[in-house]
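Have a look at the structure below, then the notes.
The values are calculated or read from the model by the stated rules, or taken from the named source; none is laboratory data. No experiment lies behind these values; they were computed from the predicted model shown. Because the Cβ atoms are built from the backbone with ideal geometry, glycine has one as well, and the counts that use them run over all protein chains shown. Protein only, heavy atoms only, side chains kept; ligands, DNA and RNA dropped before computing areas. Shrake-Rupley method; radii C 1.70, N 1.55, O 1.52, S 1.80 Å.
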Amino acid sequence: MLKFGRYSGLLAALAATGLMMGSISHAQTPSAAPAATTTAPGVAVTADQPAATSAAPEAPNPLLAVDGGPAVAIKADAGQPVDGWVDVQNQVTPTGKRAAWMHGFVLMPVITAISIFVLALLVWCVVRYRRAANPVASKTSHNTMIEVIWTLAPIVILLGIAIPSIGLLQAQFKPAPSNAITLKAVGNQWYWTYQYPDNGGFEITSNILKEKGETAEGERARTDADGPPLLATDNRVVLPVGVPIRLLTTSADVIHAWAIPAFWIKLDAIPGRINETNFTIQKPGVYFGQCSELCGARHGYMPITVVAVEKPVFDQWVVAKGGTVKGAAPAAEAPAAMPAAAAAPAAAPVAPATDK
């Protein structure tokens with residue numbers, strides 16, 4: 001008891017000092033820890049920190065996962081050259097199918113028949129009128145029947161070709177309907193720039209994908225998933241299936257040509273001029289083409305890659321690219337921000353100072 005009494009004064013002083021420091025700390029810090037709000041699993045944000053800045057990073061949009069476009073499988077026998085194939089590519093547009101029919105069922109039979117007839121006529125003349133079989137040559141200079149036949153026969157053949165040809169030309173260059181989606185292709189030395197005027201006017205640039213060993217630092221080399229050599233691009237054109245496409249072409253330097261064999265499309269891109277045609281893709285897939293007009297040293301390195309997808313997927317891709325869906329109702333406008341003076345709470349009135 002004596003020992004405790006000896007130090008009781010010191011203990012009382014220390015206790016008083018602790019109470020004083022605790023009161024100061026209590027005045028400087030909040031009475032309770034700030035509540036944590038969860039914006040994503042495993043991510044906590046304090047009340048005085050904006051939730052947007054601490055949110056988990058958004059997952060990459062799957063529509064932008066493959067070179068800026070939807071991931072669509074490439075078929076080895078569609079939309080690209082096939083080893084050993086001797087006919088035109090399989091067509092996926094109405095105009096292309098009509099042109100392929102004319103090529104296979106009108107032009108080829110006529111050309112084959114004429115070639116065989118001329119060859120047989122030459123062989124017959126060589127055999128029938130050779131010196132051994134015909135020592136005395138005929139001096140006939142006119143034959144009315146033969147002259148009528150060789151005049152009328154070509155006219156009939158040309159008329160038979162002209163009638164379907166005129167209809168095909170009309171189908172190729174008829175104006176696009178009002179519900180068409182516009183794609184503007186601009187040729188450059190040596191790459192393509194694409195604009196979507198009906199979808200907000202956003203723009204993409206498409207370059208050839210180089211092979212392994214040819215890429216510079218930071219560049220991606222072509223893989224089999226991108227497409228064949230000299231035809232794969234880093235950014236693909238995305239178009240909807242079953243919707244008319246209005247194609248506009250022009251050039252920033254020299255004459256180019258936008259050509260996709262599977263669409264039966266080849267349209268020149270001329271500086272200072274806009275050419276127009278339209279087509280409708282009927283089958284989803286990946287389709288390849290090239291610039292088909294001599295345009296300089298790297299003319300052979302201007303490929304074209306088109307990904308055809310269903311209309312809902314195309315609309316989602318457009319939105320992911322920052323564009324707008326054609327024909328969609330405009331988004332409702334956000335309410336106007338409240339003026340700062342009205343939004344801020346009214347300050348408490350200050351009593352006027354009085355002289356004492």
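Check THR233: other-chain or 5+ apart residues with amide H under 5 Å from its amide H, H built from backbone geometry?
Those lying under 5 Å, H to H, from THR233 are LEU209.
How much accessible surface area, in Å² rounded to 10, belongs to the heavy atoms of MET108 with a 1.4 Å probe?
For MET108, the solvent-accessible surface is approximately 80 Å².
Let's test this: bin the Cα-Cα distances of region 175-311 at 10 Å from zero up to the farthest pair and state each bin's percent.
Bins of 10 Å from zero give 12, 44, 34, 9, 1 percent of pairs.
If you take the charge dipole of region 74-137 about its Cα centre, with +1 on Lys and Arg Cβ and -1 on Asp and Glu Cβ, which of ALA132, GLN91, ILE74 is farthest toward its positive end?
With unit charges placed on the Cβ atoms, the residue in question is ALA132.
Which ³J(HN,Hα) values in Hz, rounded to whole numbers, follow from the phi angles of region 100-115 under the Karplus curve 6.51 cos²θ - 1.76 cosθ + 1.60, where θ = phi - 60° and Gly and Pro get x?
With coefficients 6.51, -1.76 and 1.60, one gets 5, 5, 5, 5, x, 10, 10, 5, 4, x, 5, 4, 5, 5, 5, 5 Hz.
Could you pull out every residue, at least 5 positions away or on a different chain, whose amide H is within less than 5 Å of the one on LEU248? Hs are placed 1.01 Å off N in the peptide plane, and Pro or chain starts have none.
Those lying under 5 Å, H to H, from LEU248 are LEU183, LYS184, ALA185.
Please compute the per residue accessible area over region 147-200 with all protein chains in place, 1.4 Å probe, rounded to a whole number of Å².
Result: 57 Å² of accessible area for each residue.
Suppose every K and R has +1 on its Cβ and every D and E has -1 on its Cβ; what is the size of the dipole of region 134-237 about the Cα centre, in Debye to the nearest 20?
With Lys and Arg at +1 and Asp and Glu at -1, about 440 debye.
Arrange the residues ASP224, ASP234 by how much accessible surface each exposes, largest first, with a 1.4 angstrom probe.
I get ASP224, ASP234, largest accessible area first.
Skipping prolines and chain starts, which residues have an amide H placed within reach, meaning under 5 Å, of the one on ILE265, given they are 5 or more residues away or on another chain?
ILE260
Apply the Karplus parameterisation 6.51 cos²θ - 1.76 cosθ + 1.60, with θ equal to phi minus 60°, to every residue of region 201-209 and state each ³J(HN,Hα) to the nearest whole Hz, in sequence, with x for glycine and proline.
x, 5, 9, 10, 10, 10, 10, 5, 8
What accessible surface, in Å², does a 1.4 Å probe find on TRP85, ignoring ligands, DNA and RNA and rounding to the nearest 10?
Here the accessible area works out near 140 Å².
LYS311: accessible area at probe 1.4 Å, nearest 10 Å²?
60 Å²
Take the alpha carbon atoms of region 210-258, find their radius of gyration, then divide it by 2.2 N^0.38 Å using N residues; give the quotient.
Normalised by 2.2 N^0.38 Å, the Cα Rg of region 210-258 equals 1.55.
How far is it, in nm, from the label point at VAL319 to the one at THR205 when both lie 7 Å from their Cα along the line to the Cβ?
Calculated label separation equals 2.9 nm.
Put CYS295, CYS125 in order of accessible area, largest first, 1.4 Å probe: what do you get?
The ordering from most to least exposed comes out as CYS125, CYS295.
Run the quick spin-label model on VAL123 and PHE173: label points 7 Å from Cα toward the beta carbon, then report their separation in nm to one decimal.
It works out to 4.2 nm between the two label points.
Rank these by accessible area, largest first, 1.4 Å probe: SER138, SER178.
Sorted descending by solvent-accessible area, the residues read SER178, SER138.
Which of the GluC sites (Glu not before Pro) found in region 219-327 are loop residues per DSSP with 14 or fewer other Cβ atoms within 10 Å of their Cβ?
GLU219, GLU310
Which residues among region 99-120 fall inside the zone where the amide N is under 18 Å from a point 7 Å beyond the Cα of LEU158, along Cα→Cβ?
107, 110-111, 114-115
With θ set to phi - 60° and the Karplus curve 6.51 cos²θ - 1.76 cosθ + 1.60, what are the ³J(HN,Hα) couplings of region 172-189 in order, to the nearest whole Hz, using x for Gly and Pro?
So the Karplus estimates, Gly and Pro as x, are 6, 10, 6, x, 6, x, 5, 8, 5, 9, 8, 10, 9, 9, 10, x, 9, 8 Hz.
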